[in-house]
Amino acid sequence: MSDLEKFRAETRAWLEENCPSAMREPVRGFEDLYMGGRNPEVDHPDQPVWCQRMAERGWTVPHWPREYGGGGLNKEEAKVLQQEMARIGARRPLESFGISMLGPALLKFGTEAQKQEHLPPICRGEIRWCQGYSEPNAGSDLASLQTRAEDRGDHYLINGQKVWTSYADKADWIFCLVRTDNSGSKHEGISFVLFDMASEGVTTRPIKLISGSSPFCETFFDNVRAEKRNLVGEEGKGWAIAKYLLTHEREMISGFGTAPRTSLGSVAVDTFGADASGRLRNGILRHTIAQYQLDALAFGATMSRVGDEAKAGQGLGAASSIFKYYGTELNKRRNELNLAVGGEPALGWDGDVYEGGATSRDWLRSKGNSIEGGTSEVQLNIIAKRVLGLPD
Amino acid sequence: MALVLTEEQLMLKESAAGLLAEKAGVAQLRALRDADDALGFAPDVWRDIAGMGWPGIAIPEAYGGLGYGYTGLGLVLEQAGRHLSPVPLQSTVLLGATLLNELGSEAQKQALLAPLAAGELHVTLALQEGPLHAPEDTALRAEAEGAGYRLHGSKCLVLDALAAQQFVVIARTSGLPGDSAGLTAFLVPADAAGLTVERRSLVDARGVGALQLDAVQVPADAVLGDVDAAWDGLSRSLDIANIGLAAELLGIATEAFERTVGYLKERKQFGKVIGSFQGLQHRAAELFAELELSRSLVLKALQAIDADDPQLPVLASAAKAKLCEVAQRATNEGIQMHGGIGMTDEYDIGFFIKRARVVQHCFGDYNYHLDRFARLSGF
Ligand SMILES: Cc1cc2nc3c(=O)[nH]c(=O)nc-3n(C[C@H](O)[C@H](O)[C@H](O)COP(=O)(O)OP(=O)(O)OC[C@H]3O[C@@H](n4cnc5c(N)ncnc54)[C@H](O)[C@@H]3O)c2cc1C
Ligand SMILES: Cc1cc2nc3c(=O)[nH]c(=O)nc-3n(C[C@H](O)[C@H](O)[C@H](O)COP(=O)(O)OP(=O)(O)OC[C@H]3O[C@@H](n4cnc5c(N)ncnc54)[C@H](O)[C@@H]3O)c2cc1C
């Protein structure tokens with residue numbers, strides 16, 4: 001038996017024994033995702049149990065180094081773990097901005113002390129992070145941000161406002177872009193700092209979304225203290241870190257574009273019936289679904305190809321922008337089709353007959369996918385300029 | 001299987017690009033067209049290509065081929081698409097060799113594949129009868145007579161018909177048009193009595209023809225495979241062919257796109273290069289993303305041939321449908337973004353749109369394959 005096969009057998013046995021049955025139920029909505037933190041939102045008591053068991057093996061973040069709380073798995077092993085989890089339908093034990101965004105940036109740009117301090121609590125799901133990038137006047141044009149950080153010797157004093165800060169009211173810490181210098185070009189003088197959201201002077205005000213939930217906030221900083229040891233990278237050189245982190249955010253968001261296991265075409269046939277040749281009755285709907293399923297297949301193949309090419313040392317430039325653009329547009333198409341196939345029940349907003357409006361709320365939430373993490377138009381600008389070399 | 005090219009495949013791609021650019025590019029296609037060349041390709045260039053072993057690229061080594069598989073052939077076809085190479089790769093190699101290999105008896109393979117791999121034998125498929133690809137609707141009749149058969153009917157869209165020494169003619173031996181059962185593949189030599197090969201001229205200016213069969217007599221051993229039972233092998237061959245054509249379309253679309261982006265960086269209007277206008281930039285960026293998706297799907301489908309993947313039919317239709325869509329968009333945008341000059345015969349971009357439409361049409365267009373993709377996906 002090869003090492004990898006042995007690893008698979010052990011992993012399978014361990015998962016069978018340790019994954020609670022409730023954690024093998026399909027994820028229905030955001031409340032089924034476990035985000036951890038000091039005051040975790042627990043929808044099912046097995047969520048923290050599953051998270052803790054996985055964290056003990058480093059498997060909340062399988063590919064991070066062991067010394068920072070990860071699993072130290074290589075790409076093949078991580079893939080095996082993923083396959084074995086998929087086999088029993090195991091949910092991911094922990095989802096967080098710490099894992100998908102801050103972690104990769106700290107691994108690349110953080111000091112040893114910063115990694116030691118911040119990464120293990122992310123892996124254990126103890127500290128939940130939020131992202132302080134956007135401001136009222138700095139959205140797509142992020143580099144024009146104006147939240148100020150004043151040098152006070154051993155710390156910075158932070159004043160200003162962020163907006164659209166997802167989960168700011170639930171998060172324990174924030175990774176935040178601040179301006180330490182206003183004298184140069186707008187990309188200079190930006191710094192990347194970390195601080196505790198429980199610090200004095202931080203206030204958050206939730207904003208309600210069109211989907212009815214309030215996952216994001218306006219966030220205000222009034223003389224907030226951030227220790228200098230929590231400055232990541234050099235002062236004034238935070239833009240490169242900010243951009244690097246965005247590529248990871250985009251890859252995470254584009255994951256929404258991968259096709260779900262249930263084929264929309266089959267669902268439609270069950271609902272509307274097929275003609276004698278087995279074709280869905282409404283030919284117009286059938287065409288739209290077929291186009292969607294074809295593109296979802298091609299998108300999935302592209303995610304695999306780019307992953308495999310990266311392993312082989314070949315690479316596609318600006319892959320994260322292509323994924324972000326295509327994956328989120330695809331997810332919006334999928335959600336529109338969910339309405340088309342679902343009919344009246346899919347438009348339900350409240351009540352048990354409509355499962356609390358899950359379909360319509362997901363549909364509305366999907367509209368944000370092509371805005372958050374850099375809009376579709378911004379991704380197209382990046383592809384046009386960086387990849388195709390078209391001028392300003 | 002990892003969706004990535006091996007070192008060997010990358011080298012093959014390089015050498016194909018080099019040879020085709022030099023000897024079989026758009027300039028040669030234009031020259032052949034202007035000379036009204038009946039064959040549609042230059043035999044000496046074909047000999048050079050045969051010298052590289054490409055006719056045998058997907059033919060097993062046991063039959064004199066290189067045994068590189070279809071992923072290798074797909075890479076060569078992609079380059080042939082990029083350069084619009086006027087060479088009989090599609091007819092003889094993608095279709096001819098595949099049909100012999102999929103349908104032929106051991107003796108037929110032994111006899112025919114080696115000369116084909118050496119570039120000496122041209123074999124092409126004669127399938128289509130009406131305006132659209134509809135293999136089940138085959139009506140050309142083959143009637144048993146004595147120890148052999150007599151064939152009556154006509155065929156169109158026979159690729160490189162004037163170069164072929166042998167045709168694989170799909171005929172109905174039983175059942176009715178519309179049945180997939182009852183079809184038989186026959187090997188018919190070009191000089192058979194009663195066979196007329198007529199040259200036809202399509203928009204892409206490549207070699208193509210139509211066949212008229214008036215009581216063409218063939219012996220029993222002209223049957224490729226089993227009587228009445230051509231469907232499975234034909235169907236698999238068509239899946240392979242459509243994936244190969246998707247690879248060609250990928251090359252056509254990519255080249256048309258790159259030429260267009262190049263033009264956007266040169267052409268000035270309103271005091272700036274037109275590539276600085278966001279209305280064009282976003283369309284180019286969207287197309288770039290579509291091309292990346294196309295590339296992944298083509299590679300996945302090519303690998304599915306070599307891996308004997310049971311998903312081959314659905315992947316074949318997926319790849320062909322997607323590439324029809326993207327090649328159509330890339331060539332249309334190619335003309336549009338070139339403005340007036342894109343409409344001129346002198347400028348090469350028009351050759352790409354013409355070839356693309358013929359390749360799109362061959363063996364099922366977007367409508368055919370998206371419908372089939374949906375059917376095979378259960379709806
Ligand atoms: C659900 C959701 C969650 C979010 N979470 C966070 C978070 O946790 N932390 C955080 O910091 N931010 C977050 N954001 C903010 C997000 O990053 C911004 O909304 C986004 O960058 C766009 O900025 P904006 O809203 O100011 O829109 P604007 O920049 O004002 O854009 C308005 C429109 O103009 C277009 N546009 C702008 N510039 C150009 C251009 N140059 N060319 C062409 N078109 C252009 C845009 O594409 C868009 O369609 C979140 C947003 C959403 C929707
Ligand atoms: C069949 C035909 C017949 C014609 N007949 C005549 C005639 O009889 N008399 C005559 O005078 N002319 C004639 N024309 C010329 C025609 O008017 C021009 O071709 C047309 O105005 C476009 O100019 P162009 O070819 O220089 O393209 P360009 O202006 O170079 O355009 C190239 C591409 O860039 C795009 N583009 C240019 N500027 C912008 C911008 N600001 N924003 C976004 N995109 C931009 C264009 O839309 C186009 O896609 C004819 C053209 C054709 C094709």
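The values are calculated or read from the model by the stated rules, or taken from the named source; none is laboratory data. Keep in mind that this is a model prediction, so the values were computed, not measured. A quick note on method: Cβ atoms are made from the backbone with ideal geometry, for glycine too, and the neighbour counts reach across all protein chains shown. Just so you know, the surface numbers come from the protein's heavy atoms only, side chains and all, with ligands and any DNA or RNA stripped out. Shrake-Rupley method; radii C 1.70, N 1.55, O 1.52, S 1.80 Å.
Some notes on this structure:
- Restricted to the stretch A:106-216, the set of strands (runs of 3 or more DSSP E) holding at least 3 residues that are modelled with pLDDT of 95 or more and over 20 Å from A:G368 (Cα atoms) comprises A:148-151, A:155-166, A:173-179, A:190-196, A:202-207.
- Applying a threshold of 8 Å to beta carbon distances and a minimum spacing of six or more residues, or different chains, the list of pairs starting in the stretch A:337-362 at a residue that is free of Cβ contacts under 8 Å to residues at least 12 places away in the same chain and ending at one that is part of a helix (DSSP H, G or I) and open to solvent by less than 50 Å² (accessible area, probe 1.4 Å) reads A:D350/A:G356; A:D350/A:G357; A:G351/A:G357; A:Y354/A:S360.
- Where helices (runs of 4 or more DSSP H) fall entirely within the stretch A:295-392, those with at least 3 residues that are more than 14 Å from chain B (Cβ to nearest Cβ) are at A:319-342, A:358-366.
- Residue within the stretch B:250-258 that is within 13 Å of chain A (Cβ to nearest Cβ), open to solvent by 10 Å² or more (accessible area, probe 1.4 Å) and without any contact (Cβ under 8 Å) to a residue 40 or more places away in the chain present: yes
- Applying the condition of being farther than 19 Å from A:R305 by Cβ and out of contact with any Ser or Thr (no Cβ under 8 Å at 6 or more places or on another chain) to the stretch B:287-320 and asking which residue is farthest from the other protein chains (Cβ to nearest Cβ) yields B:D308.
- Test: residue in the stretch A:132-142 that is of a type in the set (S, T, N, Q) and within 30 Å of A:K6 (Cβ to Cβ): no
- Unmet requirement for B:Q269, which otherwise passes all of (1) within 24 Å of the chain's Cα centre (by Cα); (2) surrounded by fewer than 16 Cβ atoms within 10 Å (Cβ to Cβ): (1)
- Condition met for A:W349 (open to solvent by 30 Å² or more (accessible area, probe 1.4 Å), touching a Gly at 6+ places or on another chain (Cβ under 7 Å) and not assigned by TED's automatic domain parsing to the domain that holds A:Y133): yes
- The stretch B:362-379: number of residues that are open to solvent by less than 50 Å² (accessible area, probe 1.4 Å), in contact (Cβ under 8 Å) with a residue 40 or more places away in the chain and either part of a helix (DSSP H, G or I) or of a type in the set (F, W, Y) (or both): 6
- Single residue of the stretch B:269-283 satisfying the filter (free of Cβ contacts under 8 Å to residues at least 40 places away in the same chain and in a helix (DSSP H, G or I)) that is nearest to ligand 2 (Cβ to nearest atom): B:G279
- Residues located in the stretch B:93-110, provided they are within 14 Å of B:Q166 (Cβ to Cβ) and of a type in the set (D, E, K, R): B:K109
Residues are listed down the side, and each one gets a yes or a no for (1) farther than 22 Å from A:V42 by Cα; (2) of a type in the set (K, R); (3) surrounded by fewer than 24 Cβ atoms within 10 Å (Cβ to Cβ); (4) within 16 Å of ligand 1 (Cβ to nearest atom):
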{"site": "A:Q82", "(1), (2), (3), (4)": "yes, no, yes, no"}
{"site": "A:R87", "(1), (2), (3), (4)": "yes, yes, yes, no"}
{"site": "A:A90", "(1), (2), (3), (4)": "no, no, yes, no"}
{"site": "A:K108", "(1), (2), (3), (4)": "yes, yes, yes, no"}
{"site": "A:K115", "(1), (2), (3), (4)": "yes, yes, yes, no"}
{"site": "A:C123", "(1), (2), (3), (4)": "no, no, no, no"}
{"site": "A:W129", "(1), (2), (3), (4)": "no, no, no, yes"}
{"site": "A:P136", "(1), (2), (3), (4)": "yes, no, yes, yes"}
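- Residue check for B:E333: within 12 Å of ligand 2 (Cβ to nearest atom), surrounded by 18 or more Cβ atoms within 10 Å (Cβ to Cβ) and modelled with pLDDT of 95 or more: yes
- Near pairs, Cβ below 7 angstrom, 6+ apart or cross-chain, from the stretch A:128-143 (over 22 Å from A:S185 (Cβ atoms) and touching a residue at least 60 places away in the same chain (Cβ under 8 Å)) to any residue that is open to solvent by 20 Å² or more (accessible area, probe 1.4 Å) and within 8 Å of ligand 1 (Cβ to nearest atom): A:C130/A:F97; A:C130/A:S166; A:C130/A:Y167; A:Q131/A:F97; A:Q131/A:S166
- Counted residues, the stretch B:284-323 - those being in a helix (DSSP H, G or I), closer than 30 Å to B:L234 by Cβ and not small (G, A, S): 17
- Complete set of residues in the stretch A:268-294 that are touching a Lys or Arg at 6+ places or on another chain (Cβ under 7 Å), open to solvent by 40 Å² or more (accessible area, probe 1.4 Å) and in a loop (DSSP other than H, G, I, E, B): A:D275, A:R279
- Filtered by the rule that a residue be within 9 Å of ligand 1 (Cβ to nearest atom) and buried (at least 19 other Cβ atoms within 10 Å of the Cβ), the stretch A:139-170 gives A:L142, A:K162, A:V163, A:W164, A:T165, A:Y167, A:A168.
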